[in-house]
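What follows is a set of notes on a single structure, which appears directly below.
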Amino acid sequence: MEIAVFNKLKAIADKEVRFTEDTALTKTTEVPNLYQKYLDIYIVELKTLKDMKTDMAKTYGIKYDYYKNKHTHTWSGKAEIETQIFADPVYHKERIKMNQQEYMVEYLEGVLDNVKRLSFSLKNFIDMKKFQTGMF
């Protein structure tokens, strides 16, 4: 998911997991759909993250082989080779993308947790309103 799309999703999610006194009753019917919506997005983004990790491992292997066996300079050990790999622009760019993807996945996990808790918050809010009006 592109960052711009993700930022829009964050704004939408923030609105969807909040409720007011006026929207509490209607929000109770939306919770299952909200959970499924964000679960579907989460699964896609988690798969993307796993694919990125696989690609990173492949890139690491290719770069390791290059710096160990094909580079003009001979590196003295694994630590020096890894220093070169981590400084490599291609590897670095992939790592930045993967970090962004990890952030998105962690955010979506948080949204799913908030949606799970939303049901309990709504129930407690409605029970409190019933108590305040004497219906309890």
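The values are calculated or read from the model by the stated rules, or taken from the named source; none is laboratory data. Nothing here was measured: the structure is a model prediction, and the numbers come from that model. Cβ sites come from the backbone with ideal geometry, for glycine too, and all protein chains shown count toward neighbours.
What to note about this one:
- Screening Ile126 with (1) surrounded by 12 or more Cβ atoms within 10 Å (Cβ to Cβ); (2) closer than 30 Å to Asp51 by Cβ gives one miss only, at (2).
- Filter pass, Lys50 being in a helix (DSSP H, G or I), within 30 Å of Tyr91 (Cβ to Cβ) and charged (D, E, K, R): yes
- Pick from region 4-47, criterion hydroxyl-bearing (Ser, Thr, Tyr) and surrounded by fewer than 12 Cβ atoms within 10 Å (Cβ to Cβ), ranking: farthest from Tyr91 (Cα to Cα): Thr26
- Any hit, region 82-102, residues being within 15 Å of the chain's Cα centre (by Cα), of a type in the set (A, V, I, L, M, F, W, C), within 30 Å of Ile126 (Cβ to Cβ) and in a helix (DSSP H, G or I): no
- Filter result for Tyr35 (aromatic (Phe, Trp, Tyr), modelled with pLDDT of 95 or more and assigned to a helix (DSSP H, G or I)): no
- Within region 103-130, the set of residues being more than 16 Å from Leu25 (Cβ to Cβ) and free of Cβ contacts under 8 Å to residues at least 12 places away in the same chain comprises Tyr103, Glu106, Gly110, Asp113, Arg117.
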